[in-house]
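Right, one structure below, let's go through it.
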Amino acid sequence: MHIRRIGVVGIAVLVMIGFVSPLAAAGTTGVAGVGSAPTADKSNLTCSFPLTVTDDTGTEIELEERPESVVTINPSAAQTMWEIGAEDQVVGTTQHAENLEGAEDRTSISTESETIEHEIIIDLDPDLVLAPSSNYVTEEDVETLRGAGVTVYYFDSATSIDDVRDRTHTIGSLVGECDGAAETVDWMDEELAIVEDALEGEERPDVLYTFFGFTAGEETFIHELIEAAGGTNVAAEAGIAEYQQPTDEMIVEQDPEWLVLNTNSPEVPDAPAYESTTAVETNQTVTIKTNHLNRPGPRVVHAVTAMAEAFHPEAYAEAVADAETESETDADDESQADSDSGSDSDSDSDSTDDSDGLPGFGIVSASAALLALLGSLAVIRHGDRNP
């Protein structure tokens, strides 16, 4: 897609179709009054039914039994369902979730104008609708569906990686996949722990995210991802909040060492201000999949690791190797313990090994394959889970 100038209407369209992540200020989009809704108590989450929970509108939701048919009206919810192993329960998605394997077999609930079609959802008669807030999920949408007898669970926009963890657990509880949710969050934590180890003692490079001539400043989800990956978001440093067009003066003054692009806008803007930056002069750009960068679901981890690998290649490679070595050592110790236990003549001959191996070991081992990618810092990191 070629770089082009777009106006206020253009950026509004981009927001609607998911090119721009949710704003960080709770309650700025979606159902009115959501910002003051009570926060769910994650310690009480359960996968037993009947289940009664309160969503982020303060509405009490009752599920008599595990929902067998689920509609997701935001791609982040669909992505989470796929990640926790609950994709077979999904019967309807928006067209922007079509990147998920098998999503084309689900009913599209989108209209040509990028909104949701209430009648299609009602006709599907789902047991549950998952509705993370977005610019095209409104109070009227939720009320219309509830008025037709549809059970809708509404979420505030995720504003942090912690929010993504919480929503993953919540969705797992709602659809009866607590184990899958826990495994997904464990995977996220393992990958992010490697990044944290890599960043210890490292200097943070100055980073600018650019898409269609805009950038992301403070109060954006992307700002947090850049910071988590070990970069300094110069847009935030320059006082930009939310999504704005940076001035040429700001770009020149901040002189980013890295440019972050996305797959919907993968080219550096053709402007002298960008050409003068250290990032362009040294060819330090990294292109991230839009589905990883702009959708607050578990796969945002891929965006963080791809940026960390680009910004801190040697430190990241070392952290991956250390994690693999530690996992191999733990696995060897466990194997030796099992062997010693089996040689004990007093042990119960009918006992079995309760362990299926070190949790997450396969994931960490797969991460080692990323070392081969270090020769090209502008590539997209696919990671060990589905894109």
Those residues of the stretch 98-155 which are within 19 Å of R295 (Cβ to Cβ), of a type in the set (S, T, Y) and surrounded by fewer than 23 Cβ atoms within 10 Å (Cβ to Cβ) amount to S108, S110, T115, Y136
Within the stretch 211-259, the residues that are among the small types (G, A, S) and within 21 Å of K289 (Cα to Cα) are G213, A216, G217, A228, A229, G230, G231, A235
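Consider the stretch 124-145. How many of its residues are touching a residue at least 40 places away in the same chain (Cβ under 8 Å) and over 15 Å from the mean Cα position of the chain (by Cα)?
Step one: list which residues in the stretch 124-145 are touching a residue at least 40 places away in the same chain (Cβ under 8 Å), which gives 124-139, 141-142.
Narrowing further to those that are over 15 Å from the mean Cα position of the chain (by Cα): 124-131, 135-139, 141-142.
Total meeting the criteria: 15.
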Only unsatisfied item for V71, checking (1) part of a loop (DSSP other than H, G, I, E, B); (2) within 22 Å of I122 (Cα to Cα); (3) modelled with pLDDT of 95 or more, is (1)
So, first residue closer than 16 Å to E203 by Cβ in the stretch 254-269, second residue assigned to a strand (DSSP E or B), Cβ within less than 6 Å, six or more apart or across chains; the pairs are P256/D206; P256/V207; P256/L208; E257/D206; W258/V207
Considering the stretch 74-118, residues that are part of a helix (DSSP H, G or I) and of a type in the set (S, T, Y), and then whichever is modelled with the lowest pLDDT, we arrive at S76
Selection from the stretch 196-240 of residues of a type in the set (D, E, K, R), at pLDDT 95 or above and part of a loop (DSSP other than H, G, I, E, B) yields E200, E202, E203, R204
Considering the stretch 263-292, residues that are surrounded by 15 or more Cβ atoms within 10 Å (Cβ to Cβ) and small (G, A, S), and then whichever is farthest from A310 (Cα to Cα), we arrive at A273
Sole miss for T247 among (1) within 30 Å of G85 (Cβ to Cβ); (2) surrounded by fewer than 19 Cβ atoms within 10 Å (Cβ to Cβ); (3) of a type in the set (S, T, N, Q) is condition (1)
| said: Quick check on the stretch 197-206. Is at least one of its residues buried (at least 22 other Cβ atoms within 10 Å of the Cβ), touching a residue at least 40 places away in the same chain (Cβ under 8 Å) and of a type outside the set (A, V, I, L, M, F, W, C)? | reply: no
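Residues to consider are A273, A303; find the one that is under 17 Å from G213 (Cβ atoms) and among the hydrophobic types (A, V, I, L, M, F, W, C). First the steps, then the outcome.
Values: A303 fails: under 17 Å from G213 (Cβ atoms).
Answer to the check: A273.
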Open item on the list: It is to be established whether one or more residues within the stretch 213-222 are touching a helix residue (DSSP H, G or I) at 6+ places or on another chain (Cβ under 7 Å), surrounded by fewer than 24 Cβ atoms within 10 Å (Cβ to Cβ) and without any contact (Cβ under 8 Å) to a residue 60 or more places away in the chain.
Closed with: yes
Here the residues within the stretch 119-137 that are touching a strand residue (DSSP E or B) at 6+ places or on another chain (Cβ under 7 Å) and either basic (K, R) or in a helix (DSSP H, G or I) (or both) are I120, I121, L124
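The values are calculated or read from the model by the stated rules, or taken from the named source; none is laboratory data. From a predicted model like this one, the values you see are computed outputs, not experimental measurements. Don't worry about glycine lacking a Cβ; one is built from the backbone with ideal geometry, like all the others, and counts go over all protein chains shown.
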